[in-house]
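Heads up: the structure comes next, in structure tokens.
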Amino acid sequence: MAQEPSADRRLSTLARHLLPSSPRRTAAAAEAEDIAAGTLESSPTMASQGSSVFAALAQAPEDPILGVTVAYNKDPSPVKVNLGVGAYRTEEGKPLVLNVVRRAEQILLNNPSRVKEYLPITGLAEFNKLSAKLIFGADSPAIHENRVATVQCLSGTGSLRVGGEFLARHYHERTIYIPQPTWGNHPKVFTLSGLTVKSYRYYDPATRGLDFKGLLEDLSSAPSGSIILLHACAHNPTGVDPTIDEWEQIRKLMRSKSLLPFFDSAYQGFASGSLDKDTQSVRMFVADGGELLMAQSYAKNMGLYGERVGALSIVCGSADVAVRVESQLKLVIRPMYSNPPLHGASIVATILRNSEMFNEWTLELKAMADRIISMRQQLFDALKSRGTPGDWSHIIKQIGMFTFTGLNSEQVAFMRQEYHIYMTSDGRISMAGLSARTVPHLADAIHAAVTQLK
Amino acid sequence: MAALSLAASSAIRRRLLLPPRLQAARAMATSLFGHIEPAPKDPILGVTEAFLADPSPDKVNVGVVRAALLSSPLLSSPLFFSPAIAAGAYRDDNGQPVVLDCVREAERRIAGNLNMEYLPMGGSMKMIEESLKLAYGEDSEFIKDKRIAAVQALSGTGACRLFADFQKRFLPDSQIYIPSPTWSNHHNIWRDANVPQKIFTYYHPESRGLDFAGLMNDIKNAPDGSFFLLHACAHNPTGVDPTEEQWREISHQFKVKKHFPFFDMAYQGFASGDPERDAKAIRIFLEDGHQIGCAQSYAKNMGLYGQRAGCLSILCEDEMQAVAVKSQLQQIARPMYSNPPVHGALVVSIILNDPELKSLWLKEVKGMADRIIGVRTALKENLEKLGSPLSWEHITNQIGMFCYSGMTPEQVDRLTNEYHIYMTRNGRISMAGVTTGNVAYLANAIHDVTKPN
């Protein structure tokens, strides 16, 4: 915690204002004189006082994930590689705007009647309908029965936050269980929503795979009605997903204990390359007629990152409940930001409503997923050819944008210092940040880290 | 105002709910969410619903309506006030929404050229820099000294919410004084941030102006070091602003009481037509040495409504503190939406960074403000010509998007029932809905329901 500014510091602040070189007598200087003369009482919000109502405030620590890119940007090395944030990069290491997105942009631009009015609180209606269809399937009974309340939100984060706040206000259980490990922002989102955050076992470091036994045990011992956060596919940061059979067991257990599923889908289409395949877990839960929450993001799979496009869907027991739920979601959103941003949702709706553009999107998405799968194979092969000690098969077994390498924080720091390779300290690397050109450098770095440090 | 606050109506609903045991039983039987009550209807949107249900070809909407209802088939009516006068959305003299030319040009430059990568948590630096210049002054010493902690926010709402959450986190014992009346969502924002609210006197119904004595009294009686929400210009919903002299007195009293001023500036440029003039209150406080907070919105003055482009700034004692405060604001944004939307930020920074585009923008903003000032004058003159014995000075004294007409709820009901004119029952007229085409009709109706019998 920062201390109150010292008398010395206050004095030097005043001195700066009072120096002869400063031609005009600033308000601060005038004030200081008045205070000294006793004609004006000092106040915390005065410039001259050198003390603000926020004086005791400490600087917040750097965000562990976004901080990686900050450090990377500062590094002058020509061989540096950024494997931090999960934003897709091309083989040339460049950000990518999908061709179909560019086309959608032009369509929007060329429509002179398009205005930029406020969206409703719940967002762009067409976008909401198309998003629900995308995640639940066009033939979903829940959609046909009008049991799905969908609201546009600010990407995955915003959807999680609105869902969390809604549950904290209206759901009878206030505890959410998140997998160990999970995306670094999850605990904060839910805590600030007003929920208590607990965790369930998920990743097994020994196998670098799923601790299925631990997972089932922890869900079994969770109080009935508890909220359970599930990654729909391509678990972040581990890349370890349950098999379909394991999902079925999870589903049975959860429904038997009335545990409420809260899905986070940030990588639909990115995991396997198939949009439908990547939502199998979610659709299993919908098919049994039960309720669930779904946070959906278009940041990665449509490359819309900074546009902040996403949706929160709540599958309810009846159409009547869905209407009431939607009305309450509005009360969460309005005092947060009134209504969601227009641009990104318009792009998504333009693409999803047009079958030819939709098809083009699926092809571009598959190309991104395929490149990542290829990077996995190349890295695995490179480590094998170097004879790097250890079992690296998890690199090709794990799914999605990230690989949980199993490297420890000393090894990560070593790789940053000696090889200018940037990743989060938990050893997570973004495969999207790799290319055929940089794989050898990364393999060298891993090899060195593993053989020189234990 | 006739409408209950959302807080009040929610509280009433909670008392009517089933006891917890029965709630739980009902919920488990049907749905985990079966116990949830429908949220109270927005009192402003209710106006729209009534308007849309009205079959009269003469109907007029000077209320507040949602953009989503633009698709109504009744748009063809000659005296039709576009239903999408959403929460103060500007309309041209044909009642049509407007996209500024400078915005169209900015978007042409963006499409196909710029990528959509994540912005930093604090948003676009370029957009922030330009926003600070607008609010604090092109040559502000505070900008030079890097004393302002600033982040891009989700329009005005998002900026207020970030500040409210920040206030709660770092000054948990503080409360916020909110003017009476104010934009209704202000109450929701500070309530959801769990910051206790108090009201301070503002509007004087008898004069349809400022209750300056009451205002100064409330400032003096508030405990030292209280937080106050001030509308920088074009007060919403009354259109009543303090004069420059009055602002100076308010500022002085704030110094005496060590109060913290938080400015909500949603209409810079839109009120008088001159952004510098509209920031006068803020500049007065800055000259007096206050460390202020400020929420800025580009929704109206750049017509960016749905893009959610805004900025929150807090003036700190030095650069080090500004860095710390900004880092903490980012910690609030991260678990809410991670980072703000890029598109609106690009539009704002392209326009404000390009001298030609900026100059075009200034011209267009003045055009919008002038039109509003023009229909205010027309409405007042029409009423005077009709021989109304009442004073309608307040129509032209008030400034910005809204006019607090002073009509009673009963008079408003008559306007609706007899003239198919729709407005909120507090008598607030959205001047953006008035055109040269309907001002005579509106004046005639107002005169009819307000003339003494």
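Summary of computed values
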quantity: Counting DSSP beta bridges with both ends in region A:118-353, the antiparallel % (nearest 5); calculated: 45 percent
quantity: Cα gyration tensor of region A:336-431 - equivalent ellipsoid semi-axes, whole Å, descending; calculated: 36, 20, 10
quantity: Spatial separation of Cα centroids for region A:379-418 and region B:282-358, in angstrom; calculated: 42 Å
quantity: Quotient of Cα Rg and 2.2 N^0.38 Å for the protein assembly as shown, N being how many residues it contains; calculated: 0.98
quantity: Overall Cα dimensions of region A:118-353 - principal axes, largest extent first, Å; calculated: 50, 38, 33
quantity: Straight-distance crosslink candidates among lysines, where the alpha carbon sits under 27 Å from B:Lys451 and sequence neighbours closer than 8 are dropped; calculated: B:Lys59, B:Lys380, B:Lys385
quantity: Carbon + sulfur, % of accessible area of region A:105-228 - ligands and nucleic acids excluded, 1.4 Å; calculated: 55 percent
quantity: Long-range HN-HN contacts of B:Ala153 with modeled amide H, under 5 Å; calculated: B:Gly310, B:Cys311, B:Leu312
quantity: Cα-only radius of gyration and Dmax that characterise chain A, units Å; calculated: 25.8, 81
quantity: Rounded to 5, percent antiparallel among DSSP beta bridges of chain A; calculated: 50 percent
quantity: Given A:Lys116/B:Lys358; A:Lys188/B:Lys126; B:Lys133/B:Lys326; A:Lys74/A:Lys366, the pairs whose alpha carbons are separated by over 23 Å; calculated: A:Lys188/B:Lys126; A:Lys74/A:Lys366
quantity: Long-range HN-HN contacts of B:Leu210 with modeled amide H, under 5 Å; calculated: B:His204
quantity: Approximate spin-label separation B:Glu384-B:His252, in nm, with each point projected 7 Å along Cα-to-Cβ; calculated: 3.4 nm
quantity: Label-point separation in nm, A:Lys330 to B:Asn217, each point 7 Å along Cα→Cβ; calculated: 3.8 nm
quantity: All lysines inside 17 Å of A:Lys94 as judged from Cα atoms, apart from same-chain residues fewer than 8 positions distant; calculated: A:Lys80, A:Lys300
quantity: Residues of region B:337-355 with amide N under 15 Å of the 7 Å Cα→Cβ point at A:Arg114; calculated: B:343-344, B:347
quantity: For a label point 7 Å along the Cα-to-beta-carbon line of A:Met284, residues of region A:394-435 with backbone N under 17 Å; calculated: A:399
quantity: Gain in span if fully extended, B:Val99 to B:Val323, counting 0.36 nm per residue against the direct Cα distance; calculated: 77.0 nm
quantity: Candidate lysines for bridging to B:Lys258, where Cα separation is under 22 Å - those fewer than 8 sequence places away on the same chain excluded; calculated: B:Lys168, B:Lys198, B:Lys220, B:Lys280
quantity: Value of D in µm² per second that Stokes-Einstein yields for region A:122-238, Kirkwood Rh from Cα pairs, at 25 °C (0.890 mPa s); calculated: 155 µm²/s
quantity: Under 5 Å, built H, 5+ apart or other chain: amide partners of B:Ser180; calculated: B:Phe200, B:Tyr202, B:Tyr203
quantity: Value of relative contact order over chain A, rounded to a whole percent, pairs C-alpha under 8 Å and six or more apart; calculated: 21 percent
quantity: Gyration tensor verdict on region A:122-185 (Cα atoms; rounded if a/c is under 1.5, prolate if a/b is larger than b/c, oblate otherwise); calculated: prolate
quantity: Förster-model FRET efficiency, 60 Å R0, A:Asp245 and B:Lys126, C-beta, rounded to 0.05; calculated: 0.70
quantity: Percent antiparallel among DSSP beta bridges (both partners in the protein assembly as shown, rounded to 5); calculated: 50 percent
quantity: Simple label model, 7 Å out from Cα along Cβ direction - B:Lys198 to A:His144, nm; calculated: 6.0 nm
quantity: Accessible area of B:Lys300 in the full protein assembly, 1.4 Å probe (Å², nearest 10); calculated: 20 Å²
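The values are calculated or read from the model by the stated rules, or taken from the named source; none is laboratory data. As the structure is a computational prediction, the values presented were derived from the model and not from experiment. Because the Cβ atoms are built from the backbone with ideal geometry, glycine has one as well, and the counts that use them run over all protein chains shown. Surface accessibility is based on the protein's heavy atoms, side chains included, excluding ligands, DNA and RNA. Shrake-Rupley method; radii C 1.70, N 1.55, O 1.52, S 1.80 Å.
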